[in-house]
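All of the numbers you see were taken from the coordinates with simple rules; none came from a lab. Predicted model, so just to flag it, every value in this text is computed and none were measured. Please note: Cβ atoms are built from the backbone with ideal geometry, for glycine as well, and neighbour counts cover all protein chains shown.
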Amino acid sequence: MKYGQTPSQTVGPYFAYGLTPEQYGYPFRAACGPVLAEARTPGEPIVLTGRVYDGDGKPVDDAMIEILHADTRRKYLFGRCGTGADRECTFRFETVKPASTGPRSAPHIDVIVMMRGMLSHAFTRVYFDDEQEANARDEVLADVPAERRGTLIARREELPGGMVYRFDIRMQGRDETVFFDL
Amino acid sequence: MKRDLQIPTLRPRDWSTQPAYVYPPYKSTVKRGPTQPLVPVKRALEQLAAPVYGHGAVGPLDHDLTRNAVKNGEPLGERIVVSGRVIDEDGRPVRDALIEIWQANAAGRYAHKVDQHPAPLDPNFLGAGRCLTDKQGRYTFVTIKPGAYPWGNGAGWRPNHIHFSLFGNYFASRLVTQMYFPGDPLLPIDPIYNSAPAGARGRLVSRYVPLASDPDFALGYEFDVVLRGAQQTPMENRE
């Protein structure tokens, strides 16, 4: 090892026109966005949505969430969404329900969280509340203290428009989301 | 069939080079940084490849911020060329890394709707760009030197900086950082710059390099970025 890693710095409050320009209506083509699945992507179409809460329980309006997951062909899909484009401070991804990637891996979505006020990004994971058997076998979840596992489980809601999973991210407090040393 | 494979695993995040999540001189970290210890993960997650960006993800003018948003003329300010290499900890080039940058204009104003700093917007400058690194891990941006601006963290102004977002070859080697300029008097008092450990923060400062070509067109700055790299670990594979 010859070179030291470059330090991280905050994404700051003004990332939107560079990193999520189309979502926020800036005149610059986006390299990626909140829609991961195309019409021909196999799997169950789902929406993953939620908010990010700070230590005071206030929704964060300048966070950026990136997600990566496998579809049923084990092809990886990637998406990015900011929380400042709507008044409710939500992120909202359109994708398909992920497939399991191995015998000891439950269906899940890997997540990167960054925002003004975070000097380094944080990694977390979304699991699904209708996958209890698979979740019980998951080797990453097994390493999470049992009383904190619930912070990683998205809640399924069948809405008229389709299947929605809700996943809120709490940066601090009693229900602080589990972040991984990845 | 059994055979030995060299499975690349990613070197861990070296926290001795990274800022802490909660760093009180940067006030917003106090309510936003995670406070619980991070949960270690098994190697499976580290091996996740980063998304593959085709060259279609990058338009021909995306790397040239002096031209990618012009409406009726050229942007104001000092033209600069920012170039460098993206490498891993062993010095190997990181190819096809997606680099996205954003910055304030020459007056210190971001084109972002939330930026209230009363400095003028430049109709010919958005301040956003992107490119992919080449086979040697090299990249080049043409832009305008960003201005300093006051921010709501006390009385200070942020030093001139360009935001960098990098996706290398692994999901876990993701990096978002900021590039600073040599000799900036605001650096020693900037909480964000100083959040990086003392031995590492100098890596965030670019070098002034007179341009070999086109020295009369722009000033040159070099900024290399070191991402977490793979180390080879022997592993038995059963097929």
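Hydrodynamic radius of the stretch A:1-102 by the Kirkwood approach over all distinct alpha-carbon pairs: 15.2 Å. Taken over the alpha carbons of the protein assembly as shown as equal point scatterers, the Debye sum produces base-10 log I(q)/I(0) values at 0.14 Å⁻¹ of -1.36. Whole-Hz Karplus values for the stretch B:70-75 come out as 5, 10, 9, x, 8, x Hz, taken residue by residue from phi with 6.51 cos²θ - 1.76 cosθ + 1.60 and θ = phi - 60°; glycine and proline positions read x. Placing unit charges on the Cβ atoms of the charged side chains and taking the dipole of the stretch B:2-238 about its Cα centre, the candidate lying farthest along the positive direction among B:P182, B:A200, B:P215 is B:A200. The helix-based estimate of mean residue ellipticity at 222 nm for chain B, built from -39,500 (n - 2.57) per DSSP H run of four or more residues and divided by its residue count, is -1000 deg cm²/dmol to the nearest 500.
Here B:E78 and B:A198 are evaluated by their C-beta separation; at R0 = 35 Å the FRET efficiency comes out at 0.75. Counted by neighbouring Cβ atoms within 10 Å, the residues A:E94, A:E66 run from fewest to most as A:E94, A:E66. For the stretch B:178-224, the mean projected area of the C-alpha convex hull, equal to one quarter of the hull surface, is 3.8 nm². Measuring from a point 7 Å past the Cα of A:E157 along Cα-to-C-beta, which residues in the stretch A:32-49 have an amide N at less than 17 Å? Residues passing the 17 Å test: A:46-49. Summarised as an ellipsoid, the stretch A:68-165 has semi-axes of 22, 18, 14 Å, derived from the eigenvalues of the Cα gyration tensor scaled by 5 and square-rooted, with the largest first. From least to most packed, judged by other beta carbons within 10 angstrom and beginning with the fewest, A:L19, B:L121 follow the order B:L121, A:L19.
Put the Cα centre of the stretch A:105-182 next to the Cα centre of the stretch B:20-92 and the gap is 24 Å.
Rounded to two decimal places and with Rh computed the Kirkwood way over Cα pairs, what is Rg over Rh for chain A? Before the final figure, lay out each step's value.
Values: Rg = 16.4 Å, Rh = 17.1 Å.
Ratio of gyration radius to Kirkwood radius: 0.96.
For A:I153, the residues whose amide H sits under 5 Å from its own are A:Y127, ignoring neighbours fewer than 5 places away on the same chain, with H placed 1.01 Å from N. The relative contact order of the stretch B:160-239 comes to 24 percent, based on Cα pairs under 8 Å that sit 6 or more residues apart. When Rg and the Kirkwood Rh are both derived from Cα coordinates, the Rg/Rh ratio for the stretch B:95-191 amounts to 1.00. In terms of the Cα gyration tensor, with a ≥ b ≥ c the square roots of its eigenvalues, is the stretch B:43-171 rounded because a/c is under 1.5, prolate because a/b exceeds b/c, or oblate? In terms of gyration-tensor shape, prolate. If you wrap chain B in the convex hull of its Cα atoms and look at it from every side, the mean projected area works out to 16.0 nm².
Applying the Karplus relation 6.51 cos²θ - 1.76 cosθ + 1.60 with θ = phi - 60° to the stretch B:163-177 yields 3J(HN,Hα) values of 6, 10, 10, 10, 10, x, 8, 10, 3, 7, 8, 3, 8, 10, 8 Hz, where x marks Gly and Pro. A Förster radius of 30 Å, combined with the Cβ-Cβ distance separating B:V70 from B:N153, puts the computed FRET efficiency at roughly 0.35. Taking a temperature of 20 °C and a viscosity of 1.002 mPa s, what whole-number D in µm²/s does Stokes-Einstein yield for the stretch A:3-47 with Rh from Kirkwood over alpha carbon pairs? Answer, rounded: 159 µm²/s.
Can you tell me the length gained on complete extension of the stretch B:V52 to B:I189, counting 0.36 nm per residue apart and subtracting the Cα distance?
Values: separation 137, 0.36 × 137 = 49.32 nm, distance 3.87 nm.
Gain on stretching B:V52 to B:I189: 45.4 nm.
3J(HN,Hα) along the stretch B:128-142, derived from phi through the Karplus expression 6.51 cos²θ - 1.76 cosθ + 1.60 where θ = phi - 60°, amounts to 10, x, 7, 7, 10, 6, 8, 4, 8, x, 7, 9, 8, 10, 10 Hz, with x in place of Gly and Pro.
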